[in-house]
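The values are calculated or read from the model by the stated rules, or taken from the named source; none is laboratory data. The structure displayed is predicted, hence computed values, not measured ones. FYI the Cβ positions are ideal-geometry reconstructions off the backbone, even for glycines, and counts take in every protein chain you see. For the accessible areas, the whole protein counts, side chains as well, though only heavy atoms, and no ligand, DNA or RNA atoms are used. Shrake-Rupley method; radii C 1.70, N 1.55, O 1.52, S 1.80 Å.
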Amino acid sequence: MAPAKRVTIRQVADAAGLSPAAVSYALRGIQVSEETQQRVRQVADELGYEANPIARALASGRTGMIGILGTSLEDLWQQRLVAAAGRALLERDHYALILDAGGDPVRQRELAAQLRDQQVDGLILSPVDPTDPFWLELADSLALVSIGDELVEADTAGEVLFDNRSGVSRALEHLSDLGHRRIAVLRPPGSPTSGRPAEVFVTAEAERLGLEVSVHTTPYELDDSTELARALLSAVPRPTAVFCFSDSIAYGIYAAASELDLAIPGRLSLIGYDDQPVSALLTPPLTSFSWDTDRLVDAAVGMVLAAVDGNRWPRRLMIEPLLRERSSTGPVAR
């Protein structure tokens, strides 16, 4: 069977008794009355008309595409984030173009430039290096929303930030209350900034609580985080607790602890940071933090689309953490 021919805008115009130009205006919601817009949309629906995306982009100067560029899709939390953002954009008649920087700041900059050159209408970014001056240039050329980090001096469309000071304080206080004094902190790759917790907040909180804390960097990949954890947990003296700035990294601690016969939480306590669904199913379930992903996604998508449409939207949102206490943390072994 031959494929059905696409209904043209002229056919819609003939059926509606209007010129093709008037139909085009009506479908775009400009220059004609609301009554005409409704009548044209009804005729278009009855005929099965679908706008040619290339023609629509040429006419409107927009592609309907929003780029989503994360730090590393090896991280399960980022996978869930970009999937949720893609669904939210689709519900608003936009499409997501999702790319992965793989934890490489140079690669992320190159991908962002490609997205700009492909004329996406906006970009939702989780920056590997928030201090990269390229973001200032990019923010001047398209609607840019940053998740997780402030892009200092960049004229962004918005920023969705995490209250990392609160998250770090609650994690270390929780471990301190259980009697832990020697704690390892594992962070993902990326440049430290004023909003990132590892270098900025951990040291201050450790001093306040009288803790001996060491900070280590590891990729999100399970093999890499397991290798680092294996060396860390084999050291003498070893930490009695580990705090990971990603549940994905914490899974490497589980793997290494199992290899070394270190019972969790009997001989090692463990805290994650982004409450993946699978984290509650581990043995034992992982203590972690929830960050209200639905609110985060709604805000980021709202910010970028408002900027694209020239509308007003709050430009800054701070997400508060909620500690999910489970069985991976316990009193320090005596």
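Within segment 184-283, considering only strands (runs of 3 or more DSSP E) that don't extend past its boundaries, which have at least 2 residues that are crowded, with 19+ Cβ neighbours inside 10 Å? I'd like the intermediate steps shown before the answer.
Details: elements: 212-217, 241-244, 269-271.
Of the strands (runs of 3 or more DSSP E) lying wholly inside segment 184-283, those with at least 2 residues that are crowded, with 19+ Cβ neighbours inside 10 Å span 241-244, 269-271.
If I filter segment 318-333 for residues that are surrounded by fewer than 17 Cβ atoms within 10 Å (Cβ to Cβ), touching a helix residue (DSSP H, G or I) at 6+ places or on another chain (Cβ under 8 Å) and hydroxyl-bearing (Ser, Thr, Tyr), do I get at least one hit?
Looking through segment 318-333, none of the residues is surrounded by fewer than 17 Cβ atoms within 10 Å (Cβ to Cβ), touching a helix residue (DSSP H, G or I) at 6+ places or on another chain (Cβ under 8 Å) and hydroxyl-bearing (Ser, Thr, Tyr).
Which one of the conditions (1) over 30 Å from SER279 (Cβ atoms); (2) surrounded by 18 or more Cβ atoms within 10 Å (Cβ to Cβ) does VAL82 fail to meet, given that it meets all the rest?
(1)
Quick check: is even one residue across segment 109-129 touching a Pro at 6+ places or on another chain (Cβ under 6 Å) and either open to solvent by 60 Å² or more (accessible area, probe 1.4 Å) or charged (D, E, K, R) (or both)?
Of all residues in segment 109-129, those touching a Pro at 6+ places or on another chain (Cβ under 6 Å) come to 128-129.
Then keep just the ones that are either open to solvent by 60 Å² or more (accessible area, probe 1.4 Å) or charged (D, E, K, R) (or both); that gives 129.
Looking through segment 109-129, at least one residue is touching a Pro at 6+ places or on another chain (Cβ under 6 Å) and either open to solvent by 60 Å² or more (accessible area, probe 1.4 Å) or charged (D, E, K, R) (or both).
Only one of these is of a type outside the set (Gly, Ala, Ser) and free of Cβ contacts under 8 Å to residues at least 24 places away in the same chain: ASP163, ASP140. Name it. Break it down into steps so the answer makes sense when it comes.
Values: ASP163 fails: free of Cβ contacts under 8 Å to residues at least 24 places away in the same chain.
Of ASP163, ASP140, the one residue that is of a type outside the set (Gly, Ala, Ser) and free of Cβ contacts under 8 Å to residues at least 24 places away in the same chain is ASP140.
Go through ILE68, ILE98 for me and flag whichever is aliphatic (A, V, I, L, M), at pLDDT 95 or above and either buried (at least 19 other Cβ atoms within 10 Å of the Cβ) or in contact with a Lys or Arg (Cβ under 6 Å, 6 or more places away or on another chain) (or both).
Working: ILE98 fails: either buried (at least 19 other Cβ atoms within 10 Å of the Cβ) or in contact with a Lys or Arg (Cβ under 6 Å, 6 or more places away or on another chain) (or both).
Every option except ILE68 fails the conditions.
Would you pick out the residues in segment 130-165 that are aromatic (Phe, Trp, Tyr) and surrounded by fewer than 22 Cβ atoms within 10 Å (Cβ to Cβ)?
PHE134
Sort out which residues of segment 284-315 are outside any helix (DSSP H, G or I), touching a strand residue (DSSP E or B) at 6+ places or on another chain (Cβ under 9 Å) and closer than 23 Å to ASP121 by Cβ, and write them in order of number.
TRP313, PRO314, ARG315, listed by residue number.
Which residue out of GLY302, GLY310 is farther than 30 Å from ARG238 by Cβ and at pLDDT below 95? Steps first, please.
Details: GLY302 fails: at pLDDT below 95.
Criteria check complete, one pass: GLY310.
Report yes if SER279 is under 15 Å from LEU76 (Cβ atoms), among the small types (Gly, Ala, Ser) and under 18 Å from the mean Cα position of the chain (by Cα), otherwise no. Give the steps one after another, and end with the answer.
On the way: under 15 Å from LEU76 (Cβ atoms): yes; among the small types (Gly, Ala, Ser): yes; under 18 Å from the mean Cα position of the chain (by Cα): no.
Criteria not met by SER279.
So, of the residues in segment 1-39 that are closer than 21 Å to ASP309 by Cβ and open to solvent by less than 50 Å² (accessible area, probe 1.4 Å), which turns out to be modelled with the lowest pLDDT?
Selected residue: GLY29.
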